[in-house]
Amino acid sequence: MLDVIPTVHRSKRRLLAASVVLFTGAGAATAGEVGPAATAGATVLAVGGVYAVAQYADRVSRPTLARLALGLWIAFLGVAGLHLVGLETVAGAAPGPTAAGVHSLSALTWTSLLLSCSTTVFLGFREYASSGADVSDEQILEGESSDYSTR
């Protein structure tokens, strides 16, 4: 009998979905008139979203993370284009109350911005770590030139 721990193959997608939900909650919490409690709640949700993206970034390959970051930035630019037209105009074109549409579009804007930024940051961390930027202390001490003469 094999002692194998079963793994969930879609656990990576769940982390990304959780970060979308958390970022959307943070964006919705700050879309209207907010007080200190709403700001604190949105901050907690955003930190949870960043943690979920960090866990996702740790489990996928660099090319996958790079494609995701690029796709999220393209999505953000599309959502940001709605701001050129005006959120009230876009929300007024859809059925339902305009205020709810503006609130939803603001949450969508924050979600796409926070997701694209966090994936790009973690991609940068991964690239930096793999670039050989780690230099040992001996190499720093041997190659370092001092402004002060010790002779």
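The values are calculated or read from the model by the stated rules, or taken from the named source; none is laboratory data. The shown structure was predicted, so the numbers you read here are calculated from the model rather than taken from an experiment. With ideal geometry, Cβ positions are generated from the backbone for all residues, glycine too; neighbour counts draw on all protein chains shown. To get the accessible areas, we keep the full protein, side chains included, count just its heavy atoms, and leave off ligands, DNA and RNA. Shrake-Rupley method; radii C 1.70, N 1.55, O 1.52, S 1.80 Å.
In this structure, LEU141 does not satisfy being at pLDDT 90 or above and either part of a loop (DSSP other than H, G, I, E, B) or among the hydrophobic types (A, V, I, L, M, F, W, C) (or both). Taking each residue of segment 117-128 that is under 13 Å from LEU72 (Cα atoms) and looking for partners that are hydroxyl-bearing (Ser, Thr, Tyr) with beta-carbon atoms closer than 9 Å, six or more apart or interchain, yields SER118/SER19; THR119/TYR56. Is it fair to say LEU77 is over 18 Å from GLY27 (Cβ atoms), open to solvent by 20 Å² or more (accessible area, probe 1.4 Å) and at pLDDT 95 or above? No: the conditions fail for LEU77.
Among the residues of segment 24-70, those that are hydrophobic (A, V, I, L, M, F, W, C), open to solvent by 40 Å² or more (accessible area, probe 1.4 Å) and without any contact (Cβ under 8 Å) to a residue 24 or more places away in the chain comprise VAL34, ALA37, ALA40, VAL44, LEU45, VAL47, LEU70. Only a single criterion out of (1) crowded, with 16+ Cβ neighbours inside 10 Å; (2) modelled with pLDDT of 90 or more is not satisfied by LEU87, namely (2).
When each of ALA69, ALA107, ALA57, ALA52 is tested for being over 13 Å from the mean Cα position of the chain (by Cα) and small (Gly, Ala, Ser), the lone residue that passes is ALA107. In the set ALA54, ALA26, ALA31, only one residue is under 25 Å from LEU87 (Cβ atoms), at pLDDT 90 or above and small (Gly, Ala, Ser); that residue is ALA26.
The criterion of at least 1 residues that are among the polar types (S, T, N, Q) and in contact with a Ser or Thr (Cβ under 9 Å, 6 or more places away or on another chain) is met by the following helices (runs of 4 or more DSSP H) wholly inside segment 1-116: 11-29, 36-59.
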